[in-house]
1. Once both labels are modelled 7 Å past Cα along the beta-carbon direction, what's the residue 23-residue 102 spacing in nm?
2. What percent do you get for the relative contact order of region 89-278 when only Cα pairs under 8 Å and 6+ apart count?
3. Quick one: order 241, 264, 196 by neighbouring beta-carbon count within 10 Å, fewest to most.
4. Any idea which of 11, 56, 66 is furthest toward the positive side of the dipole for region 4-67, if Lys and Arg beta-carbons carry +1 and Asp and Glu beta-carbons -1?
5. If the only charges are +1 at each Lys and Arg Cβ and -1 at each Asp and Glu Cβ, what is the size of the charge dipole of region 4-67 around the Cα centre, to the nearest 20 debye?
6. Along Cα→Cβ, 7 Å out, is where each label goes; now give me the distance between the ones at residue 197 and residue 154 in nm to one decimal.
7. Taking amide hydrogens as modeled 1.01 Å from N in the peptide plane, which residues meet the under 5 Å criterion relative to residue 3, leaving out close sequence neighbours?
8. With r as the distance between the Cβ atoms of residue 254 and residue 179 and R0 = 30 Å, compute the FRET efficiency 1/(1 + (r/R0)^6) and round to 0.05.
Amino acid sequence: MTDIQSTLTTATELLANISDTAILDAEVLLCHCIKKSRSHLRAWPEKEIPAQDYQHFLQLLKKRQQGTPIAYLTGNREFWSRDFKVSPDVLIPRPDTELLIELSLSLIADISNPRLIDLGTGSGIIAITLAAERPDSIVLASDLSEQALAIAEHNATSHQLKNIQFLHSCWFDKIALSKFDLVISNPPYINATDPHLSQGDVRFEPKNALIAEDQGLKDIKSLCEQSRGYLKPDATLLIEHGYDQQASAQAIFKSFGYHAITTHKDLSGNPRVTTGQWNSK
């Protein structure tokens, strides 16, 4: 039988040993293949699945059994209530990164026409979300990966944004000297020896967007150093980092002369983002 209910039952059993969300995984993959919503699955459990869609589902199910992340199989992921295209060339958007959006919107709340830059933009979720939430803003986004920039530009186009520009650059290397109200980054910050790199979805994500030298701190140091020349007086640098890097991140900010250094916790209560203000005076 290739009806919806029996297909989901079998798929859930097959995924039970490799996923904590086996039922959801099976539903999301099936919805993707038959181009229907999850409510459709519940309303029509006895409905037969077209043969071509069923074969497509079996192909994706096999890849999921091998550990491939759902987001890479469907090619999209939701972030801040918006849909974003993703691929193995970019990191999978995670709820923890929404903290960067909350903090950024709060920091620019009273600034008219704020200038923002998102360094290492990946799929563009941070830059695009901020550009959409603040249509009066001017947003720059850079990445060293041309493949990632292509994904980000696609996402910006799909959300019909005109106030964002993408640049191929390693951090500030190709950025014209200018001043920003906010510098934001979710850089690589994982130590190359971290066991998490061989677990879960991380196994399939681009290593150049995950791993940093110097025990995961090299890029954080570079960003803190370089951002000083691009921040307006008392403007803020926001950097996402590992749950165990609060002390190191704060020490780096302090060593480069930032003040009002604060670390903020994510949804799980882990230290996730450190901010600091820069005053060149």
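1. Between residue 23 and residue 102, the label points sit 2.8 nm apart.
2. 20
3. The most exposed by this proxy come first: 196, 264, 241.
4. After comparing all options, I get 56.
5. 200
6. 2.7
7. Answer set, sorted by chain and number: 49.
8. The formula returns an efficiency of 0.85 here.
No lab work stands behind these numbers, since they all come straight from the coordinates. What you see is a predicted model, and the numbers here were worked out from it, not measured in a lab. When we count neighbours, we look across all protein chains shown, and the Cβ atoms used for this are built from the backbone with ideal geometry, even at glycine.
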